[in-house]
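Input: a single structure, listed below in structure tokens.
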Amino acid sequence: MVDLESEVPPLPPRYRFRDLLLGDQGWQNDDRVQVEFYMNENTFKERLKLFFIKNQRSSLRIRLFNFSLKLLSCLLYIIRVLLEKPSQGNEWSHIFWVNRSLPLWGLQVSVALISLFETILLGYLSYKGNIWEQILRIPFILEIINAVPFIISIFWPTLRNLFVPVFLNCWLAKHALENMINDLHRAIQRTQSAMFNQVLILISTLLCLIFTCICGIQHLERIGKKLNLFDSLYFCIVTFSTVGFGDVTPETWSSKLFVVAMICVALVVLPIQFEQLAYLWMERQKSGGNYSRHRAQTEKHVVLCVSSLKIDLLMDFLNEFYAHPRLQDYYVVILCPTEMDVQVRRVLQIPMWSQRVIYLQGSALKDQDLLRAKMDNAEACFILSSRCEVDRTSSDHQTILRAWAVKDFAPNCPLYVQILKPENKFHIKFADHVVCEEEFKYAMLALNCICPATSTLITLLVHTSRGQEGQQSPEQWQKMYGRCSGNEVYHIILEESTFFAEYEGKSFTYASFHAHKKFGVCLIGVRREDNKNILLNPGPRYIMNASDICFYINITKEENSAFKNQDQQRKSNLSRSFYHGPSRLPVHSIIASMGTVAIDLQDTSCRASSGPTLALPSEGGKELRRPSIAPVLEVADTSSIQTCDLLSDQSEDETTPDEETSSNLDYAKGYPPYSPYIGSSPTFCHLLQEKVPFCCLRLDKSCQHNYYEDAKAYGFKNKLIIVAAETAGNGLYNFIVPLRAYYRPKKELNPIVLLLDNPPDMHFLDAICWFPMVYYMVGSIDNLDDLLRCGVTFAANMVVVDKESTMSAEEDYMADAKTIVNVQTLFRLFSSLSIITELTHPANMRFMQFRAKDCYSLALSKLEKKERERGSNLAFMFRLPFAAGRVFSISMLDTLLYQSFVKDYMISITRLLLGLDTIPGSGFLCSMKITEDDLWIRTYARLYQKLCSSTGDVPIGIYRTESQKLTTSESQISISVEEWEDTKDAKEPGHHRSIHRNSTSSDQSDHPLLRRKSMQWARRLSRKGPKHSGKTAEKITQQRLNLYRRSERQELAELVKNRMKHLGLSTVGYDEMNDHQSTLSYILINPSPDTRLELNDVVYLIRPDPLSYLPNSEPSRKNSICNAAVQDSREETQL
């Protein structure tokens, strides 16, 4: 066996144990070689090159010295000319010989020696193997011409008076100046401006031409007119300016030839310089140049970073940003990587914007471009995502990189970032303000289904307006709607406020009610001085402190309001009807006359949270006295305020036993155990005891757990909410959460059906399987069968979400074409269906529910154009679909980000209103409908008092629906149609027509002109016919009327019924003739106290948090089903 130990080689000396003990002493005898690097730079030539050329600062000093030498030589030449006496005679010797004093000669020789030595040294250092390349350079030749004769005159004294064209050194000075400017920019580490360099070259070229011409003509005319330097200057200026007076002209042929040569040089050199300057100017116009450092230090500016700038985006930003008075002196610097659009260029040339908006073409990822925009001095930076991109995730990634780049370059600059996808939001949590588009969009669309026109309400609140829209309209609803649209959210410290200072130590509801009663302002929330969280309607138990920040809704902020006593107001009421003084508040809103209010302390019962009406006094009380309202207490009384404990589900207790057994109400309340993305705010919701298997989430497919294949088979008690989307994105999760929030009564929960073009992924299904009555179906709104299977015939709302694949088109506004046509088809097929549509471009709202022959829509179109001409930012607000909350564009919420620059609380308040954030003690947005039992309240002020005194709710507005009034011609036509239909009703008593208040049904007004012509034809036919054929004519007329009455609507209804029968669906409940097209709806934000309530008004309420009334209550005490089972998954999701 081989001895392995004998074959192991010995350790190297440095690894021996003895060497380890002795340390470095054992290594002293090692053969080590020291290596020196960059030895080529230690040579004498390299050291000189480093000093004269490579080193920026020393090179700059050398070039500055060289430039000074050239200027000194030119100055010495001028001195020599001025000191020289005029020569006598016209001999040619005067051209070659001059009179030069000895001191002057000595100075010129010294300058020539230094210049020649420097030139030779620099030539030697820059030598690269080709000697002729160095010798034949023009600067070297000029240096030889100007320096060598002086050096020769040292050894040959007779040549001391030889003429040397020293004035040509001006061209060498120009060359040195160019090099010096380049080194200067290099030394101070600043990117030089090509425009500055080109202008400098052009100016120096002109000066050199003029100086050369002056000196040359003066010298050549020594044998002619004996011109001095001033006469030569005068001649050159007159000649080069093409004026040519002719009083000074060259006489000798040599001077004439010199002038011709100089003109030829000018004609060649100057156009080249001007061409380069013009090219750079055009390029500068495209890139935008730089924002002045001096202006950045003395003026305030903000930077807008976008990937592509469209005219709509620009105008929305500028109109909203400059709507605030304190921002009028700000500059807006736009940093965009693309070239300026033609429309944008045209707008930025308007004087109103050209003095305040600066466009820079550049990238936020380049420090040079951020430096051009003076980002480190900016007051704020707005970073907007491009929502028209096909790949929205890629657009978000670009936004994230821009935000990181700005934060790295200017850490102290406040960031306002817009993001598209909620899953990308946590990457920019460092930003001061973030608006996630899909979060806001889906939450707003969800609230539209339970609080009608929430999207319109929020849009009007986040737009800056003075409430002047629609005041020139003859329609009363447009005046009220436009006036109330000027309400916005403002803030003020309580002790500094005239509105709220007197309510220190009082309850929140007391302050809110009395402030509205006295001043017409709506107090909606507060914030403690030592707390960052805003509380919306914290309830009657909240006591106001002097340091509290109050948030209120009003036409204008308190600082811009003027207050008058009641006597002054009565006088002013005679001359002004709506607005008063600079505050632009409604006169009746400043001091509201409440009248006599009877007090009934017994009427303190709490209305059920799901009850449709407010509490009425008892019948016995009604016989003795009129209905009364309890006062709002200064401090909450626990015994008098009976809060609606939504956790105890009192509303469900009212159901009958049969309903309880039939309905699946075994829900629990808790936090969703799984979120599809990081960063979602946890919300207390209605949840299932156990999650539903994924197979049961499919609405149109049966499985082993159920055999239902359509929505009708499930037998839902409440109507459906259908969401038509392209994909189940993570933002869709925010549509479900507000509709399953814990404060929604169980018996009012609507089933949610997701109609998706593409199947959802497993992560999304895992997130929604805990929510009750949430289903999905793969299909499209293009397919009638898919619509019928998902239950569109008995749906309460149909939400059509804008598809990502159609958001970009070759023609910008065509991106909504498919969505608009699909919704129009739904509008024709299911006229009673409430359709809520999201569009990419707000301008396309005019095509929603389009009726070409509708005179009222045409009148609204003209009104919109007039409002736009008056400069309104909300010209689209009078479009009926927008006013009714049936159409929405996410671009309308861009102003929320812009407004947060002045109101940093607007994003937080909007998130609380939409239910995206839930803060303990903060209320939520809901609504109630005014029924016949509630009309005894009469006015909005009494309703305010009733809500504050009973449930603690704070109303903020009214959603009103009215009948659409017809014009005179349309009314006459409708009357004629009714007369003809009355004759048929006598024959067909079973026929039913729906007649709306102050109007007729849409069937009677769809084609008024055609109907009128058919009736006139029938009358003429009956008159022209012979007497014996009267019955025949009447029969023909009746047949034509019957044929016409088979309208397009009935044909569509037959189509729908046939498809339902084909699919095996029951046609019971399909109401094809129910139509709401003859009504119009609009919003009144914070109406005046004396506004009369009308039947079917929907009142927006901010209801206190029910959990805040439960002593020592924990949100999870009812049932935190999944909190323990899936706590690990929650922690992983929230990181």
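The values are calculated or read from the model by the stated rules, or taken from the named source; none is laboratory data. Quick caveat, the model's predicted, so the values are computed rather than measured. Methodologically, a virtual Cβ is constructed for each residue, glycine included, from the backbone with ideal geometry; neighbour enumeration extends over all protein chains shown. With ligands, DNA and RNA removed, areas are computed over all heavy atoms of the protein, side chains included. Shrake-Rupley method; radii C 1.70, N 1.55, O 1.52, S 1.80 Å.
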For this session: Write out, first by first residue and then by second, each pair whose Cβ atoms fall under 8 Å of each other, whose residues are 6+ apart or on separate chains, and whose first residue, in the range 486-497, is at negative phi and of a type in the set (Val, Ile, Thr) while the second is open to solvent by 10 Å² or more (accessible area, probe 1.4 Å) and part of a strand (DSSP E or B).
Result: ILE492/ILE549; ILE493/ILE549
Exercise. If you go through the range 412-470, how many residues are outside any helix (DSSP H, G or I), within 17 Å of VAL723 (Cβ to Cβ) and either hydroxyl-bearing (Ser, Thr, Tyr) or in contact with a helix residue (DSSP H, G or I) (Cβ under 9 Å, 6 or more places away or on another chain) (or both)?
Worked result: 1
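Quick grid of which residues meet (1) hydroxyl-bearing (Ser, Thr, Tyr); (2) in contact with a Lys or Arg (Cβ under 9 Å, 6 or more places away or on another chain):
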| residue | (1), (2) |
| --- | --- |
| PHE827 | no, no |
| SER831 | yes, yes |
| GLU869 | no, no |
| PHE876 | no, yes |
Problem set entry | Among (1) open to solvent by 40 Å² or more (accessible area, probe 1.4 Å); (2) within 17 Å of the chain's Cα centre (by Cα), the one test that GLU423 misses | (2)
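If we scan the range 963-977, do we find a residue that is at pLDDT 90 or above, among the polar types (S, T, N, Q) and under 40 Å from the mean Cα position of the chain (by Cα)? Step through it out loud before you land on a result.
The first filter runs over the range 963-977 and keeps only residues at pLDDT 90 or above, leaving none.
So far as the range 963-977 goes, no, none of its residues is at pLDDT 90 or above, among the polar types (S, T, N, Q) and under 40 Å from the mean Cα position of the chain (by Cα).
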Exercise. Can you name the residue in the range 372-391 that is in contact (Cβ under 8 Å) with a residue 12 or more places away in the chain, out of contact with any Leu (no Cβ under 9 Å at 6 or more places or on another chain) and open to solvent by 60 Å² or more (accessible area, probe 1.4 Å) and is also farthest from GLU726 (Cα to Cα) among such residues?
Worked result: GLU379
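The rows are residues; the columns are (1) assigned to a helix (DSSP H, G or I); (2) modelled with pLDDT under 75; (3) among the aromatic types (Phe, Trp, Tyr); (4) closer than 30 Å to LYS226 by Cβ.
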{"residue": "ASP31", "(1), (2), (3), (4)": "no, yes, no, no"}
{"residue": "SER73", "(1), (2), (3), (4)": "yes, no, no, yes"}
{"residue": "ILE78", "(1), (2), (3), (4)": "yes, no, no, yes"}
{"residue": "LEU82", "(1), (2), (3), (4)": "yes, no, no, yes"}
{"residue": "ILE95", "(1), (2), (3), (4)": "yes, no, no, yes"}
{"residue": "TRP105", "(1), (2), (3), (4)": "yes, no, yes, yes"}
{"residue": "LEU116", "(1), (2), (3), (4)": "yes, no, no, no"}
{"residue": "ILE120", "(1), (2), (3), (4)": "yes, no, no, no"}
Exercise. If we scan the range 709-722, do we find a residue that is part of a loop (DSSP other than H, G, I, E, B), open to solvent by less than 20 Å² (accessible area, probe 1.4 Å) and in contact with a Lys or Arg (Cβ under 9 Å, 6 or more places away or on another chain)?
Worked result: no
For this session: Might you check whether a residue that is of a type in the set (Phe, Trp, Tyr), in contact with a strand residue (DSSP E or B) (Cβ under 8 Å, 6 or more places away or on another chain) and over 20 Å from SER292 (Cβ atoms) occurs anywhere in the range 328-337?
Result: no
Exercise. Would a scan of the range 147-163 turn up a residue that is open to solvent by 30 Å² or more (accessible area, probe 1.4 Å), within 26 Å of SER59 (Cβ to Cβ) and at pLDDT below 85?
Worked result: no
For this session: Hey, can you tell me all the residues within the range 724-747 that are outside any helix (DSSP H, G or I), touching a strand residue (DSSP E or B) at 6+ places or on another chain (Cβ under 8 Å) and under 14 Å from GLU438 (Cα atoms)?
Result: ALA725, GLU726, THR727, ALA728
Exercise. Does at least one position in the range 759-773 carry a residue that is open to solvent by 20 Å² or more (accessible area, probe 1.4 Å) and at positive phi?
Worked result: yes
Problem set entry | Hits in the range 514-555 - residues which are open to solvent by 20 Å² or more (accessible area, probe 1.4 Å), touching a Phe, Trp or Tyr at 6+ places or on another chain (Cβ under 9 Å) and not in a helix (DSSP H, G or I) | ARG527, LEU535, ARG541, TYR542, ILE543, ILE549
Exercise. Quick one: would you say ILE334 is hydrophobic (A, V, I, L, M, F, W, C) and closer than 22 Å to SER680 by Cα?
Worked result: no
Exercise. Is it fair to say GLN349 is closer than 30 Å to ARG466 by Cα, free of Cβ contacts under 8 Å to residues at least 12 places away in the same chain and either open to solvent by 80 Å² or more (accessible area, probe 1.4 Å) or of a type in the set (Lys, Arg) (or both)?
Worked result: yes
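Every residue, every condition in (1) farther than 30 Å from SER680 by Cβ; (2) aliphatic (A, V, I, L, M); (3) surrounded by 22 or more Cβ atoms within 10 Å (Cβ to Cβ), yes or no:
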site: VAL823; (1), (2), (3): no, yes, yes
site: ILE836; (1), (2), (3): no, yes, yes
site: ASP854; (1), (2), (3): yes, no, no
site: SER857; (1), (2), (3): yes, no, no
site: LYS862; (1), (2), (3): yes, no, no
site: LYS866; (1), (2), (3): yes, no, no
site: PHE878; (1), (2), (3): yes, no, yes
site: PRO881; (1), (2), (3): yes, no, yes
site: GLY885; (1), (2), (3): no, no, yes
Exercise. Residues in the range 373-392: is at least one more than 18 Å from the chain's Cα centre (by Cα), more than 27 Å from ASP904 (Cα to Cα) and not in a helix (DSSP H, G or I)?
Worked result: yes
Exercise. Among LEU313, LEU304, LEU335, LEU309, which is the only one that is in a helix (DSSP H, G or I) and surrounded by 17 or more Cβ atoms within 10 Å (Cβ to Cβ)?
Worked result: LEU313
Problem set entry | Filtered residues of the range 351-372 (kept if among the aliphatic types (A, V, I, L, M) and in a helix (DSSP H, G or I)) | MET352, LEU370, LEU371
Exercise. When the residues of the range 316-332 are filtered to those that are in contact (Cβ under 8 Å) with a residue 60 or more places away in the chain and assigned to a loop (DSSP other than H, G, I, E, B), which remaining residue is surrounded by the fewest Cβ atoms within 10 Å (Cβ to Cβ)?
Worked result: HIS324
Exercise. Just one of GLU275, GLU251 is more than 30 Å from VAL406 (Cβ to Cβ), charged (D, E, K, R) and surrounded by 14 or more Cβ atoms within 10 Å (Cβ to Cβ); which is it?
Worked result: GLU251
